[in-house]
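The values are calculated or read from the model by the stated rules, or taken from the named source; none is laboratory data. Quick caveat, the model's predicted, so the values are computed rather than measured. Cβ coordinates were reconstructed from backbone atoms using ideal geometry, including for glycine residues, and neighbour counts include every protein chain displayed.
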Amino acid sequence: GAVIEYFGEGAKNMSCTGKGTICNMGAEVGATTSTFGYDDSMDRYLRATNRADVADAANAVAAYLTGDDEVYANPHEYFDQVIEINLSELEPHLNGPFTPDLATPISKMKEEALKNDWPLQVQVGLIGSCTNSSYEDIARSASLAKQVAEKNLKTKAQFTITPGSEVVRYTIERDGFIDTFDKIGATVFANACGPCIGMWDREGAEKEERNTIVHSFNRNFSKRADGNPNTLAFVGSPELVTALAIAGDLGFNPLTDKLINENGEEVMLDEPTGNELPPKGFDAEDPGYQAPAEDGSKVQVVVSPTSERLELLAPFQPWDGENIMGAKLLIKAFGKCTTDHISMAGPWLRFRGHLDNISNNMLIGAVNAYNQKTNNVKNQLTGEYEAVPATARAYKAAGVPSIVVGDHNYGEGSSREHAAMEPRHLGVRAVLVKSFARIHETNLKKQGMLALTFANEADYDKIQENDTFNFIDLKEFAPNRQLTLEVIHDNGTKETILVNHSYNEGQIGWFVAGSALNLIAAASATA
C-alpha cells in the first residue's frame, strides 16, 4: 500500500539496470510502485540501447523527473516513512526458502541452515531471468567463473545461465562470457523465463528429495522452480549465486571463507568486477522482434478446435446489473496464497494458450483453511470433497456463482494474468481477502471480478465452510463506497459484514462491461 522512492548517494551510484532489479522486487513487499529519480545512469543506458532521442528529451526536463533538492535534504518532512540503508555497510544476503522475503546475511547463513536443518550442499546455482540478467550481472558473474581456472578450482554445483533476451545473449557471447562459462561446465539455457517459472526439465525432481538450490530469480515459492515441494530455493545476487555454485556450500561466505583448490591449496575468490554497459555496445543479429501488421483488421487467427494447447478466447459475460445472490464459498485459503498457489507454473505452462485446460490448475496449491489440505474442498451441491477446479466447474454448470476468501497479501508473486482469468472463467465472481498484492488485485479488476477486502479483518474468522453470500447492495457499486455482504450459515443464521474496495470509475466500468478487454473492444467498435 505504499509508493517506495529510492534516493541518496547510493542510489545515484547504482546502474540503471540495478535500479530496475530493485523496482522489480518492490512487488514482494506489496509496494504500489517503486521509483528512482532520473539520473546519469539512465541517460547512459538509453544511449547504449539506441534511444538517444529519449535521453535528450529526458535531459531537457530532468529537473521534473526527480525530487526537489529540499525534499532530499529534509526527507522526514515529505515522506511518511524514511528508511536509511548504508550501502557501504550492507552485507550480501540470501532470501528463502519458500519465500522471497525471508532474508539472511551471508555471514549468518551457515548458522541459520544448521538451526533449520536446511541442506548445506548446493545442488544447482542458476542465474539470469527477467530480474538479473543484465550485461553487468553476467559480467560480474563471469569474472568469478574466470577464477575457477585461474585458481585451479572445480565448480562443485551444477551451474546454469538464462539470458533475459537475445540482445543480452548475443552480446555476452560476442564478449567471451559464454566461453568463460563453458569452461567451468556451465549450461546456457534459451532466452526465456526458464527455471524461474518451472520451464526446466530438472533430472530427478520427480523423486521429491530434499535439496538446496540457489538462484538469482525473483521468486522462490514451493515447487516453483522444478515442481519438487522439497527443493529449498534461495535467492541471491548473480555474483553471490555464482560464488555459492563454485563452492557448492550454502554456508560459504565469499567475503571471508577460503576454498581448497585441486592442488590442495587454500584460495579466496577475488571481488567480482564487471562493466555496467558493454564497451562495444549491445548487438544482435536477430533480436527476435516482429512488427505487427500495419492494418490488423483483415488478420484472421486460425486455431484447431482439437488443440490442447491453444484456444481462442471468448469474451466474459458483462454484469447483468443485478445483485449477486447465492454465491457459494469455493475455498477459504489459509496463510500465504501466491500466484503460484493460484495458478502453478512448470508443466502447466504448455496450456497457457488454452484457458480452459490451464484452469485445471486453479488454486490447487492453496491450503483449505478447514482441513489444511491442498486441492480438497467441499462441494456444497453434493456434500463431497473434490478438487478445487472440479468444484468450481460444478458450481458454474449449475449456474451458481462462487467466491474465494483469502488471507494477507493474497496473490503475491508474478503478474500472472492466468491467476485472475482462471477464477473468472470458472465462475468465481469475487475474491474477498484481508489484503491483496497490488498486481493481482489489478488483474482481478481487469477480468471483471470483484476484488474486495474485509473492512474488519476479524470477519475472516466468521466465514464457515458451508456459507452462502449475497451481495445486497452491488447495484450501488461506486468509488469510496463500502459494499455489504450477507453471509448465510448452513444453520440458517445470517451475518452482515462490510467490505472495502479500491475501484475508481474506470475500473467499475471494467466490471460492468465484464472485463477491461470488453470495454476496449466496445470503444474500438464505436470509434
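General remarks:
- Close pairs from the stretch 10-22: first in contact (Cβ under 8 Å) with a residue 24 or more places away in the chain and more than 18 Å from residue 83 (Cβ to Cβ), partner of a type in the set (Gly, Ala, Ser) and part of a helix (DSSP H, G or I), Cβ under 7 Å, at least 6 apart: 15/41; 16/41
- Test result for residue 119, surrounded by fewer than 20 Cβ atoms within 10 Å (Cβ to Cβ), at pLDDT 90 or above and not polar (S, T, N, Q): yes
- Qualifying residue in the stretch 121-130 (condition: small (Gly, Ala, Ser) and in contact with a Cys (Cβ under 7 Å, 6 or more places away or on another chain)): yes
- Scanning the stretch 477-497 for residues that are touching a Ser or Thr at 6+ places or on another chain (Cβ under 6 Å) and either farther than 18 Å from residue 457 by Cα or among the hydrophobic types (A, V, I, L, M, F, W, C) (or both) gives a single hit, 488.
- Failed item in (1) crowded, with 17+ Cβ neighbours inside 10 Å; (2) under 25 Å from residue 278 (Cβ atoms); (3) within 27 Å of the chain's Cα centre (by Cα), with residue 124 passing the rest: (2)
Here is a yes/no grid of residues against (1) modelled with pLDDT under 95; (2) in a helix (DSSP H, G or I); (3) over 22 Å from residue 157 (Cβ atoms); (4) in the same structural domain as residue 435 (by TED's automatic domain parsing):
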residue: 53; (1), (2), (3), (4): no, yes, yes, no
residue: 66; (1), (2), (3), (4): no, no, yes, no
residue: 70; (1), (2), (3), (4): no, yes, yes, no
residue: 88; (1), (2), (3), (4): yes, no, yes, no
residue: 111; (1), (2), (3), (4): no, yes, no, no
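- Qualifying residue in the stretch 222-240 (condition: assigned to a helix (DSSP H, G or I), within 25 Å of residue 92 (Cβ to Cβ), modelled with pLDDT of 90 or more and of a type in the set (A, V, I, L, M)): yes
- You will find that of 83, 138, the residue that is under 26 Å from the mean Cα position of the chain (by Cα) and outside any helix (DSSP H, G or I) is 83 and no other.
- Criterion: outside the structural domain of residue 46 (by TED's automatic domain parsing) and free of Cβ contacts under 8 Å to residues at least 12 places away in the same chain - qualifying residue of 137, 182, 175: 182
- Residue 277 among the hydrophobic types (A, V, I, L, M, F, W, C), farther than 23 Å from residue 429 by Cα and at pLDDT 95 or above: yes
- Test: residue 465 is within 32 Å of the chain's Cα centre (by Cα), surrounded by 14 or more Cβ atoms within 10 Å (Cβ to Cβ) and of a type in the set (D, E, K, R): yes
- Here the condition is being more than 30 Å from residue 5 (Cβ to Cβ), of a type in the set (Gly, Ala, Ser) and at pLDDT 95 or above; of 57, 142, it holds for 142 alone.
- All positions within the stretch 349-388 that are touching a residue at least 60 places away in the same chain (Cβ under 8 Å), surrounded by fewer than 20 Cβ atoms within 10 Å (Cβ to Cβ), assigned to a loop (DSSP other than H, G, I, E, B) and within 22 Å of the chain's Cα centre (by Cα): 352
- Residue 344 vs. criteria surrounded by 23 or more Cβ atoms within 10 Å (Cβ to Cβ), closer than 19 Å to residue 227 by Cα, assigned by TED's automatic domain parsing to the domain that holds residue 462 and out of contact with any Asp or Glu (no Cβ under 9 Å at 6 or more places or on another chain): yes
- Residue 41 passes every criterion in (1) assigned to a strand (DSSP E or B); (2) modelled with pLDDT of 95 or more apart from (1).
- Only listed residue being in contact (Cβ under 8 Å) with a residue 24 or more places away in the chain and at positive phi, chosen from 492, 448: 448
- Residue count, the stretch 239-277 (criterion: more than 13 Å from residue 125 (Cα to Cα) and either buried (at least 17 other Cβ atoms within 10 Å of the Cβ) or without any contact (Cβ under 8 Å) to a residue 60 or more places away in the chain (or both)): 17
- Residue in the stretch 173-180 that is in contact with a strand residue (DSSP E or B) (Cβ under 7 Å, 6 or more places away or on another chain) and of a type outside the set (A, V, I, L, M) present: no
- Residues (loosely packed, with under 10 Cβ neighbours inside 10 Å, within 31 Å of the chain's Cα centre (by Cα) and hydroxyl-bearing (Ser, Thr, Tyr)) located in the stretch 278-324: 289
- When residues of the stretch 488-514 are limited to those that are out of contact with any helix residue (DSSP H, G or I) (no Cβ under 6 Å at 6 or more places or on another chain) and among the hydrophobic types (A, V, I, L, M, F, W, C), the one surrounded by the most Cβ atoms within 10 Å (Cβ to Cβ): 511
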